Amino acid sequence: MKKIILTLALLAHTLIASAQFFVEGVKIEPSNTGQYIEVDPLYREDGRCTFRVDFGQSNPKEDYVTDVNGKRFDFRSLVDGLNFFYEEGWQVDQITVLDRGRRFLLKRRY
């Protein structure tokens, strides 16, 4: 029984610890984003994409989603990226259609 409880505790800690992403070195969390962020997908010719994120910082045009080491996340598709944000606690609240594509306003789920 102790092994099961320990395993579940470790699993919960791992899930909480891994639920983090960065935007050019800034860990995205409730204390620095508020309730909304805006994400702008940028597509490659092979259909993969990265996301720029505006969380209210001074220069969002240069800020991409990265890991703790500063490496940009490369998503298989738009849906893969949106699922990533959902798993990180965000949901799509509004979609803006522009001449060059769509932007997504995400709202914090919890």
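Every number in this text was worked out from the coordinates using simple rules, so none of it is lab data. Every value quoted in this text rests on a predicted model; they were computed, and no experiment measured them. Here the Cβ is made from the backbone with ideal geometry for all residues, glycine too, and neighbour counts use every protein chain on show.
Could you work out how much longer the chain between residue 108 and residue 71 gets when fully extended? Use 0.36 nm per residue separation minus the Cα distance between them, nm to one decimal. Walk me through the numbers before you get to the answer.
On the way: separation 37, 0.36 × 37 = 13.32 nm, distance 2.37 nm.
Extra length available between residue 108 and residue 71 comes to 10.9 nm.
Need the C-alpha centroid separation for the range 30-62 versus the range 65-83, integer Å.
After rounding, the separation between the Cα centres reads 10 Å.
What is the extension gain from residue 58 to residue 83, computed as 0.36 nm multiplied by their sequence separation minus the C-alpha to C-alpha distance, in nm to one decimal? Don't skip to the answer; put the middle values down first.
Details: separation 25, 0.36 × 25 = 9.00 nm, distance 2.64 nm.
So the chain would gain 6.4 nm between residue 58 and residue 83.
For the range 58-100, list residues with backbone N below 17 Å from a point placed 7 Å from the Cα of residue 35 toward its Cβ?
Label zone hits: 89-95.
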